[in-house]
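The values are calculated or read from the model by the stated rules, or taken from the named source; none is laboratory data. The model shown is predicted, which means the values in this text are computed figures rather than measured ones. Please note: Cβ atoms are built from the backbone with ideal geometry, for glycine as well, and neighbour counts cover all protein chains shown. Calculation scope for accessible area: heavy atoms of the full protein, side chains included, ligands and nucleic acids excluded. Shrake-Rupley method; radii C 1.70, N 1.55, O 1.52, S 1.80 Å.
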Amino acid sequence: MRKLKDMTVEELAAALKAASDSHSLKRFNILHRQFERKRGIPILASHGIYLTPDLDDPETFNNERFASLFLVTWKRIPKPAQDMMLDSWKKLRNTPPRPGHLVPYISLCLSRHGWTGFPSIKEAVFASVYTPTQSILFFGPIIDRTPDQHVITIIAHELAHVYRGLEFPQKYGYPAEGREPKQEEKVADACARKWGFDMRSLYRWFRSDECENLCMCVMRKYKVKQKPEDFPDDAD
């Protein structure tokens, strides 16, 4: 039997189908993680961190650029915060049963997620963290057209959600009763700002005509509905 690391993407896909048909969940998860790793773009491969393109997306985004910006962002985060996230992700990978994808699952994507269920249109079309330590998702049509320096700050903000979730799991865990989304956004902003990221510049750009036109164009193209809420009042 061929070793997993020697199998092609096509061979892994076929093995995945066979494991699914035989209801072999453990083998399916092992194969799926290898499949995601094989077709993913390394960010920190030595720590198992990859950018994973979404197979269900009808469009291809600039994953190489985004992976590079993610690494730039990661290197600017203080080492104690890096270590906390890396340790958590490592433990999650070794805790059965795991979902059939990489941990963390980082994707520049479009079609798999309900982007309209957010408090703000601009929050909806940029990024979100699902179960903070596992999935970090970025909305491809917007991120591809966002200036590099702001993409870096957006990534830092999402990683701040992950970090805060690890610091206060009883507050940020799911299901989380009594959560205050706007307050959580402010806390993540403060954390990213403490790490040295320019939140003021990002929010100024959010309020610019350039960003507004970009968001409206994407809203029309992908039929994203606008929500009435705005950004935190003290963001600028």
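Amide H contacts of residue 105 (H built 1.01 Å from N, in plane; Pro and chain starts excluded): 135, 136 sit under 5 Å, all sequence-distant by 5 or more or on other chains.
Got a sec? What order do 161, 47 fall in by accessible area at 1.4 Å, biggest, i.e. largest, first? Could the numbers behind the result be given before it?
Working: 161 20, 47 85 Å².
Descending accessible area places them as 47, 161.
Within the shell defined by Cβ-Cβ distances under 10 Å, the residues around residue 19 carry a net charge of +2, with Lys and Arg each +1 and Asp and Glu each -1. Less than 5 angstrom separates the built amide H of residue 49 from those of 43, 44, all sequence-distant by 5 or more or on a different chain. Applying the Karplus relation 6.51 cos²θ - 1.76 cosθ + 1.60 with θ = phi - 60° to region 36-52 yields 3J(HN,Hα) values of 4, 5, 5, 9, x, 10, x, 9, 9, 4, 5, 10, x, 9, 10, 8, 10 Hz, where x marks Gly and Pro. Ranking 54, 144 from most to least accessible surface, computed with a 1.4 Å probe over the protein chains only, gives 144, 54.
With a Förster radius of 35 Å applied to the beta-carbon distance between residue 9 and residue 94, the computed FRET efficiency rounds to 0.90. When you filter the chymotrypsin sites (Phe, Trp or Tyr not before Pro) in region 65-95 for DSSP loop state and at most 13 other Cβ atoms inside 10 Å of their Cβ, nothing is left.
Identify the trypsin sites (Lys or Arg not before Pro) of region 1-37 meeting these criteria: DSSP loop state and at most 12 other C-beta atoms within 10 Å of the C-beta.
Numbers: sites: 2, 3, 5, 17, 26, 27, 33, 37; in loops: 2, 3.
Passing sites in region 1-37 are 2, 3.
Working note: Karplus 6.51/-1.76/1.60 with θ = phi - 60° gives region 65-81 the couplings 4, 5, 4, 5, 5, 4, 5, 4, 4, 4, 5, 8, 7, x, 4, x, 5 Hz, where Gly and Pro are set to x.
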